[in-house]
Amino acid sequence: MSSPSATLTVWAASWLAGDTAPDDVIDALAAWAQMHLIGAADAETAVRHDLEWPGVTASGVSTLLRIARSEAAEIRLVLPTAGDVRGLPTGTEFARAAITAGEGIQIGTVGKPGVGLVPSKEGPDVLRWTVFSIPTVAGSADTIGLREAEYELRQAVRDAAEVLGGLPTVATGIPGSDARTLVAEALQAQAGYRWPSTLSPRHLQVIDTADNVAAILTVAASTSTNQAPSVSTAQKRDDLLRRLWDVVRTARVASANSVSIRA
């Protein structure tokens, strides 16, 4: 999947359910970074969860699991973007940080106080997780189920294939590389991320399909044609890519949360 938050959401839920050992979670997060720094967003959160503030500690993924265990409720992935803040507790520091990062995790029962986690890149192999106190954990009325996400992805695959077919032979800045090769390389980069063996075939299918569509969209965003498109053509293309990214994000949230909310 696309993000450290998605990886932690699924693996921590598996651990809380008793299906995964802590070392398995740590190994899965190591694919994103070997070092995980943990710090609180404010003094109150630091006291509540025995964290550093100001500053961070290199206590790693085990501290994140301890926090998840202390809340012992639901774990929810959020993948916000400009204009789409579904699932975020509005007006909070956590929401603002998650929007900036494009990802985050809520831990707790909807409608009650909880915890938010937001990762940020600190170096070539270092992730920093900031821990926030959330006054009210938010749900989302727009959340869809795994079956519906799978259905919407089928149409997205067809639309993404049309986008791929319309891409030029040479990708911008990478002479000699065609679009399909770049898509294959993007998918190969995703192959290093593991998932719990208890995930159902449907969960894995949704994750894999979303990754395929995302790889195509990423390549499409980095390519250009030899001729400048008309304003209307460019607008239609941008609208299509935006809609497909929304489908990908929605499917990724659905696949992660259909596992984690049961934790």
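The values are calculated or read from the model by the stated rules, or taken from the named source; none is laboratory data. Just so you know, these numbers come straight off a predicted model, no measurement behind them. Cβ: placed from backbone, ideal geometry, glycine included. Neighbour counts: every protein chain shown. Just the protein is used for accessible areas: all its heavy atoms, side chains included, with ligands, DNA and RNA removed. Shrake-Rupley method; radii C 1.70, N 1.55, O 1.52, S 1.80 Å.
Within segment 170-208, track down each residue that is in a loop (DSSP other than H, G, I, E, B) and at pLDDT 70 or above.
Here is the first cut: in segment 170-208, the residues in a loop (DSSP other than H, G, I, E, B) are 170, 172-173, 175-178, 191-200.
Hits for segment 170-208 are 178, 193, 194, 195, 196, 197, 198, 199, 200.
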Could you check, for segment 19-41, whether at least one of its residues is over 19 Å from residue 196 (Cβ atoms), out of contact with any Cys (no Cβ under 8 Å at 6 or more places or on another chain) and without any contact (Cβ under 8 Å) to a residue 40 or more places away in the chain? no
Would you mind stating whether residue 65 is open to solvent by 10 Å² or more (accessible area, probe 1.4 Å) and among the aliphatic types (A, V, I, L, M)? no
